[in-house]
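Below: the structure, in structure tokens.
The values are calculated or read from the model by the stated rules, or taken from the named source; none is laboratory data. Since this is a predicted model, take the numbers as computed values, not measurements. Cβ placement follows ideal geometry from the backbone for every residue including glycine, while neighbour counts extend to all protein chains displayed. Quick note on the areas: whole protein, heavy atoms, side chains included, nothing else; ligands and nucleic acids left out. Shrake-Rupley method; radii C 1.70, N 1.55, O 1.52, S 1.80 Å.
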Amino acid sequence: MPRQVEVTARPTDDFHVENSDGYALYSSLLARMNDADEEASAKVHDSVFSSVSVSSLSGSFESSDRRYHKRVARDETYDFEVGVTDPEEDSVFEALVEPLVLGDGELTVGGGTLVVEEFRSNERGFEALVNEADGYDDPSLRFSFETPTCIKYGGSETTEMFPHRTAVFSSLLGKWNAVAPDALEFDLTRDEVGENVIEKPEMRSLYTHSVMVNRVQDDGEPQPIFRQGFTGECTYEFVGGTPEDVRNAVTALALFGEYSGVGSAVARGCGSVSVEV
């Protein structure tokens, strides 16, 4: 069952964090998960496909004198979200909840510490998402791509720099079919999306990014791995005569996107979206 946790945290002091703070937040969460459940932590870290998504920190940052860094202010609060979509990864959810809610609630991120002040969770089953989608008549789907969204083209390392309808919904389709019950999988093709959906981006809101998603060792030295993506606003609408099954499937995928994220590296701060139908 797709689940999402929303966390509000406050820093214990000012500290510097890399602009690509999603990776630092992911690493911190993974470390706390390892303390609570080594098996669950290893599953997230080692899995080719993980159903976990982690946003970046959202809040007011101050400028930093360190290159490629920003400063977290102790008098501010910061929000982040974590989604878990695979029903078989309940252990991941529990391992995440325990240190944040039942433990000391501390996360070491970058050069400082965040303390959890508020924790909210929600969950919606796949059938509930499908039923909600079925209840809309000719909906518009407004996406806010809140963190850099990095959608790979096919099997390549090239990523999309525009919220094209086939790229966005093909990504969501793959994530949905990987975790949904067999009876609720969607048989939806790229052509069906391309022929029946129109994207209407708010061009002034679109920005492109190069975001760090990992570090690898190169001759003993840690080297950052970057991926390119976009943020901004885009509304998706259906052309006249769109088959009902296509419309309902695309709408359900949009609703699912808030839990799964869009594109790659969603566990490392990329691809967080909010959706309004």
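Tell me, what is the per residue accessible area of region 147-277 in Å², probe radius 1.4 Å?
Values: 6040 Å² over 131 residues.
Using a 1.4 Å probe on heavy atoms only, each residue of region 147-277 averages 46 Å².
Whole Å is fine, so just give me how far the alpha carbon centre of region 125-147 lies from that of region 173-220.
First find each Cα centre; the distance between them is then 16 Å.
Each label point is 7 Å from the Cα along the Cα-to-Cβ direction; what then is the distance between the points at V115 and E6, in nm?
The answer from the label model is 2.4 nm.
Got a sec? Which residues in region 182-226 would a label at E88 touch, if it sits 7 Å along Cα→Cβ and we count backbone N under 14 Å?
182
How much accessible surface area, in Å² rounded to 10, belongs to the heavy atoms of V109 with a 1.4 Å probe?
Its accessible surface works out to 0 Å², give or take rounding.
Note down the relative contact order for the chain as a percent, whole number, built from C-alpha pairs under 8 angstrom at least six residues apart.
Details: 611 pairs, mean separation 77.3, N = 277.
Taking the mean separation of contacting Cα pairs over the length of the chain, I get 28 percent.
Would you calculate the volume per residue, in Å³, of the smallest convex hull containing every Cα atom of region 1-156? List each step's numbers first, then the result.
On the way: hull volume 23.9 nm³, N = 156.
Convex hull volume per residue, Cα atoms: 153 Å³.
Compute the length gained on full extension between E76 and S205: take 0.36 nm times their separation in residues and subtract their Cα-Cα distance, giving the result in nm to one decimal.
On the way: separation 129, 0.36 × 129 = 46.44 nm, distance 2.53 nm.
That pair, E76 and S205, stretches by 43.9 nm at full extension.
In a shell of Cβ-Cβ distance under 13 Å around R124, excluding R124 itself, what net charge do Lys and Arg (+1) and Asp and Glu (-1) give?
Numbers: positive: R3; negative: E123, E127, E132, E258.
Result for the neighbourhood of R124: -3.
Report the calculated FRET efficiency for E237 and S156 (r = Cβ-Cβ distance, R0 = 30 Å), to the nearest 0.05.
Values: r = 29 Å, r/R0 = 0.97.
Efficiency, from the Cβ-Cβ distance: 0.55.
Quick one: order D104, D137, D86 from most to least accessible surface, probe 1.4 Å. Write out the running numbers ahead of the final one.
Numbers: D104 95, D137 135, D86 30 Å².
Highest to lowest solvent-accessible surface, that is D137, D104, D86.
What is the sum of charges around V262, taking Lys and Arg as +1, Asp and Glu as -1, for the other residues whose C-beta is under 11 Å from the C-beta of V262?
Details: positive: K175; negative: E146, E160, E258.
Around V262, the surrounding residues sum to -2.
For the chain, which whole-number percentage of the solvent-accessible area (1.4 Å probe, protein heavy atoms only) is attributable to carbon and sulfur atoms?
Values: 5730 of 13170 Å².
Answer for the chain: carbon and sulfur cover 43 percent of the accessible area.
So for the chain, if I pair up every lysine 8 or more residues apart or on another chain, how many of those pairs have alpha-carbons under 25 Å apart? It would help to have the intermediate numbers written out before the result.
Values: K43/K152; K43/K175; K152/K175; K152/K200; K175/K200.
Lysine pairs meeting the criterion: 5.
Can you give the FRET efficiency to the nearest 0.05 for N122 and L184, using r as the Cβ-Cβ distance and R₀ = 22 Å?
Values: r = 19 Å, r/R0 = 0.88.
Computed FRET efficiency for N122 and L184 comes out at 0.70.
Using a/c under 1.5 as the rounded threshold, could you call region 168-215 rounded, prolate or oblate? The axes a ≥ b ≥ c are square roots of the C-alpha gyration tensor eigenvalues, and prolate needs a/b larger than b/c, oblate otherwise.
Details: a/c = 3.38, a/b = 1.32, b/c = 2.56.
Here region 168-215 falls in the oblate category.
Once you put a point 7 Å from the Cα of E221 and another 7 Å from the Cα of I198, both along the Cβ direction, what distance in nm separates them?
With each label placed 7 Å out from Cα toward Cβ, I get 5.2 nm.
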